[in-house]
Amino acid sequence: MRRLRPRTAGILCACLVLLGAGVFAGARWAQGWKGSVTLLANWSGEERDQFEENVIEPFERKYRIDVVYQGSSALSQVLAADMVAGNPPDVAVLPGPGELLAYAVDGRLQPLDGLFDAGHYDRIWAPEVTVPGREGRNTYWLPVKTGLKSMVWYSGERPTVESAGDPERWCLGMESGATSGWPGTDWVEDILLQQAGPQVYEKWANGGLDWTHPAVRKAWMTWGELVGAGEGRAVRALTTGYGEDCAGRRLEHQGSFRAGHWRAAGGDYVHSSEIVPDTGPDAGAWEVSGDLAILLNPTEEARQLIRYLAGTGAALPDHSANEAAAPDSAQDATQKEIGDILRGRQKETRCWDASDTMPRAMRDAFQQAVLRFLVEPASLEAQLKELQKLSVEQSLPVCSRD
Amino acid sequence: MSTTGRELTRRLRLLLTLGAATTLVLFFAYRGVHDDTVPLSSSSTPGILAVDTARNALATAHRIVGDSGPEGDMSDEFHTQVSVAHQSLALTASENVIGVEGRHDLQTITGLIAVYSGWVERWGREDHQALSTAYLHYAERVLGLESEPGTDGDVMSRLDALRDKQLDVAERQAAFPWQLWLGWSAVAVLYLALLLALLDTQRFLRRRFRRPVQVRLLAATAVCGLGVPVLGRITWTAQRAMSGSLDGIRVREKDPDGIPKTADQVQSALADAGFWASLSGWVLLGGAVAMALTVWGLWPRITEYRWRAPR
């Protein structure tokens, strides 16, 4: 057997080293990111952790796309500033279509048509919208997380119109940082929905019904009577956080996000139509809310993220509006029921939280108005006139047609 | 070739190998420390101090609001302090050392400051006592002067989180990890070996050629013998300055007057950081000069002993 010559051995070693380096570089390349996408949303704390763990990390692992998440509690302000500065995130998740419609009209949003099947969502969740300067109708947002409202949480005896009439029974908190006042707008909207029905509600939400209309005024007055507007406890509600502890024999008008709190206290919920006085024949519709994903920079990575969020495999936070998604088997009976209502499986009418469908300025003024009404109910007429001045007519699908 | 010729060639190869290895290892070890001195002094530290300035300015602004009462005129000084906060955040943005995430944090903080200012302005305009109390309460909640640890929805906790991230970067820059220990240990070993080899070669030449000293080889010895300790000393000084600067900014400066003092201390401690960092290029040049002197010193002797094949 011939001995290996030193030169041959050297060449062989060099080849082996090069091969090793190639394999190493290839492995590093395969493990590295193939792009990135910036995502702006308002989830923070535990909610953010869960979203990152259940949605972002699986997406990153599957597509090797780095998601740079920005959780902001001043979402509207940050996004508005980003837009003006020409430096928006690739994808943003905002609550409510009102603000998004304004961005779509300004040509800031990219259509999502072709990225997911809008047929899997009710028209209120992912509507086709006409925007000046763009041909045809396009879908501009995708629901990522939805919530049910029109709920009155209680523990103990099931509340009725009569037993709920005592203002002392109600837990009421208006404080919520930048958006303080929204729990009050939810109240007024829901009462209007139960008293006047979905058609009047949709017309009002779209700016087609005056704020000074008797039905709207009646909703405000009903709320004032229920919670004792002008009284000391209503004044205290201004500085009470919306998520503060509420249990015992008390009642709380809050959305499905409070299910955990009330279930832990052995509580349950009734539809708000069961406690709102003077409900109309169309009472029983559910007010709903949702966080909607929009595409601002149409990069391939951002499109991929939208496709992923719309897919049935994404473990989205409670509750998905995707009718094709299988129900979460880990949910308890209450959560399943809420999910079914949100996906339209119970064939009940669902209407968007009206303030979320209004333009931003209108929504902010509405929130301010409920704060003032709580401590100064006599100012209602003047406030309704002021709100009417800001009203703008638009055409968004607010209620489902089941 | 004679034994002397082979010995000279062997020594030349050894010296060149040691010289090249020392130069390269010294170059990377030196860069390992000094590449971070300039970013630490010109970006990380000013960024952290700017966040502290913004925090103090906002706390002062809110103190002005509290002191003035609803009927007091607080607008000028309040707006001045909010403006200071915005300018400081702009400086933080320009010195952003934590990339996209940091930029997003700053955008959120700026948005929250706008919300805070909005509530304060409403408070200033409101005549109804209960509403003005509520607006001030909302402003305080958004500002988060008394927020609990772990919250992230207010200005102060966001600023604290941003500062923590910046400090992590500064600590990485000022660190002397095991890789640098290994590098500088290798420099020390190679330096001693090279110096001993040069001195031994000098001794060999003196004995063999009866010349008191080989000047070119002596010059190469001087370049190595002085250059490496000088660079080591500079590195040690820089590392101490970085550690000292980090100690100065590790704890948040609560006294607004203390921030310029800390900035001055850091500035003076790392005033020569740019010069120190620029010397890394001279490491390669110095190494090349030392090796050239070595070749220049030994090559004429080697050629004298070179075996020539018959024609």
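Would region A:167-183 turn up any residue that is of a type in the set (Ser, Thr, Tyr) and away from chain B (no Cβ under 14 Å)?
Of all residues in region A:167-183, those of a type in the set (Ser, Thr, Tyr) come to A:176, A:179-180.
After this cut, where a residue has to be away from chain B (no Cβ under 14 Å) as well, the list is none.
No, there is no match, as no residue in region A:167-183 is of a type in the set (Ser, Thr, Tyr) and away from chain B (no Cβ under 14 Å).
Restricting A:Leu172, A:Leu142 to those that are buried (at least 21 other Cβ atoms within 10 Å of the Cβ) and within 26 Å of A:Asn322 (Cα to Cα) reduces the list to A:Leu142. Considering (1) farther than 24 Å from A:Asn138 by Cα; (2) not assigned by TED's automatic domain parsing to the domain that holds A:Val216, the lone condition that A:Leu371 does not fulfil carries the number (2).
Among the residues of region A:350-392, none is identified as surrounded by fewer than 20 Cβ atoms within 10 Å (Cβ to Cβ), in contact with a Lys or Arg (Cβ under 9 Å, 6 or more places away or on another chain) and either of a type in the set (Lys, Arg) or assigned to a loop (DSSP other than H, G, I, E, B) (or both).
From the list B:Gly281, B:Gly274, B:Gly287, exactly one residue is surrounded by 17 or more Cβ atoms within 10 Å (Cβ to Cβ) and either at pLDDT 90 or above or not aliphatic (A, V, I, L, M) (or both). Which is it? Break it down stepwise before answering.
Numbers: B:Gly281 fails: surrounded by 17 or more Cβ atoms within 10 Å (Cβ to Cβ); B:Gly274 fails: surrounded by 17 or more Cβ atoms within 10 Å (Cβ to Cβ).
Exactly one residue qualifies, and that residue is B:Gly287.
At least 1 residues being at pLDDT below 90 is the threshold, and among the helices (runs of 4 or more DSSP H) wholly inside region A:244-342 those reaching it are A:259-264, A:333-342.
The residues of region A:154-184 that are within 30 Å of B:Val142 (Cα to Cα), in a helix (DSSP H, G or I) and not charged (D, E, K, R), listed by number, are A:Pro167, A:Gly177, A:Ala178, A:Thr179, A:Trp182, A:Pro183, A:Gly184.
Within region A:78-89, the only residue that satisfies the criterion of being away from chain B (no Cβ under 11 Å) and touching a helix residue (DSSP H, G or I) at 6+ places or on another chain (Cβ under 8 Å) is A:Met83.
Within the span defined as region A:215-226, every residue fails to be buried (at least 17 other Cβ atoms within 10 Å of the Cβ), among the basic types (Lys, Arg) and not assigned by TED's automatic domain parsing to the domain that holds A:Leu101. One residue alone among B:Ala20, B:Ala61 is farther than 19 Å from B:Ile249 by Cβ, in contact with a helix residue (DSSP H, G or I) (Cβ under 8 Å, 6 or more places away or on another chain) and either without any contact (Cβ under 8 Å) to a residue 40 or more places away in the chain or surrounded by 24 or more Cβ atoms within 10 Å (Cβ to Cβ) (or both), and that residue is B:Ala61. Filtering region B:143-151 for residues that are within 26 Å of A:Arg372 (Cα to Cα) and either assigned to a helix (DSSP H, G or I) or within 9 Å of another protein chain (Cβ to nearest Cβ) (or both) leaves a non-empty set. For region A:62-77, the set of residues classified as more than 7 Å from chain B (Cβ to nearest Cβ), within 20 Å of the chain's Cα centre (by Cα) and free of Cβ contacts under 8 Å to residues at least 60 places away in the same chain consists of A:Tyr69, A:Gly71, A:Leu75, listed by residue number. Considering region A:349-402, the residues that are charged (D, E, K, R) and in contact with a His (Cβ under 9 Å, 6 or more places away or on another chain) include one that is farthest from A:Val188 (Cα to Cα), namely A:Glu376. Scanning region A:200-240 for residues that are within 14 Å of chain B (Cβ to nearest Cβ) and either in a helix (DSSP H, G or I) or out of contact with any helix residue (DSSP H, G or I) (no Cβ under 8 Å at 6 or more places or on another chain) (or both) yields a count of 8. Of the residues B:Val187, B:Val115, the single one that is outside any loop (DSSP other than H, G, I, E, B) and farther than 24 Å from A:Ala85 by Cβ is B:Val187. Here A:Gly107 meets the list (1) more than 14 Å from chain B (Cβ to nearest Cβ); (2) in contact with a strand residue (DSSP E or B) (Cβ under 8 Å, 6 or more places away or on another chain); (3) outside any helix (DSSP H, G or I); (4) of a type in the set (Gly, Ala, Ser) almost entirely, failing just condition (2). Among the residues in region B:164-174, are any free of Cβ contacts under 8 Å to residues at least 24 places away in the same chain, out of contact with any strand residue (DSSP E or B) (no Cβ under 8 Å at 6 or more places or on another chain) and polar (S, T, N, Q)? Within region B:164-174 (the criterion being free of Cβ contacts under 8 Å to residues at least 24 places away in the same chain, out of contact with any strand residue (DSSP E or B) (no Cβ under 8 Å at 6 or more places or on another chain) and polar (S, T, N, Q)), the answer is no, since none of the residues qualifies.
The set of residues in region A:52-61 that are under 20 Å from B:Gly99 (Cα atoms) and either of a type in the set (Val, Ile, Thr) or within 11 Å of chain B (Cβ to nearest Cβ) (or both) contains only A:Ile56. Across region A:30-51, the qualifying residues are those that are surrounded by fewer than 18 Cβ atoms within 10 Å (Cβ to Cβ) and assigned to a helix (DSSP H, G or I), and the one among them that is nearest to the other protein chains (Cβ to nearest Cβ) is A:Gly45. The condition of being in a helix (DSSP H, G or I) and not assigned by TED's automatic domain parsing to the domain that holds B:Leu24 holds for only one of B:Met242, B:Met156, that being B:Met156.
Matching residues to (1) in contact with a helix residue (DSSP H, G or I) (Cβ under 7 Å, 6 or more places away or on another chain); (2) surrounded by fewer than 19 Cβ atoms within 10 Å (Cβ to Cβ); (3) under 27 Å from A:Tyr242 (Cα atoms); (4) away from chain A (no Cβ under 14 Å):
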| site | (1), (2), (3), (4) |
| --- | --- |
| B:Thr80 | no, yes, no, yes |
| B:Gly102 | yes, no, no, no |
| B:Tyr116 | yes, no, yes, no |
| B:Glu121 | no, yes, yes, no |
| B:Asp127 | no, yes, yes, no |
| B:Thr133 | no, yes, yes, no |
| B:Arg141 | yes, no, yes, no |
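Which of the residues spanning region B:209-224 are touching a helix residue (DSSP H, G or I) at 6+ places or on another chain (Cβ under 6 Å) and either of a type in the set (A, V, I, L, M, F, W, C) or assigned to a helix (DSSP H, G or I) (or both)? Of everything in region B:209-224, those that are touching a helix residue (DSSP H, G or I) at 6+ places or on another chain (Cβ under 6 Å) and either of a type in the set (A, V, I, L, M, F, W, C) or assigned to a helix (DSSP H, G or I) (or both) turn out to be B:Arg216, B:Leu217, B:Ala219, B:Ala220, B:Thr221, B:Val223, B:Cys224.
The values are calculated or read from the model by the stated rules, or taken from the named source; none is laboratory data. These numbers were taken from a predicted model, which means no experiment stands behind them. Because the Cβ atoms are built from the backbone with ideal geometry, glycine has one as well, and the counts that use them run over all protein chains shown.
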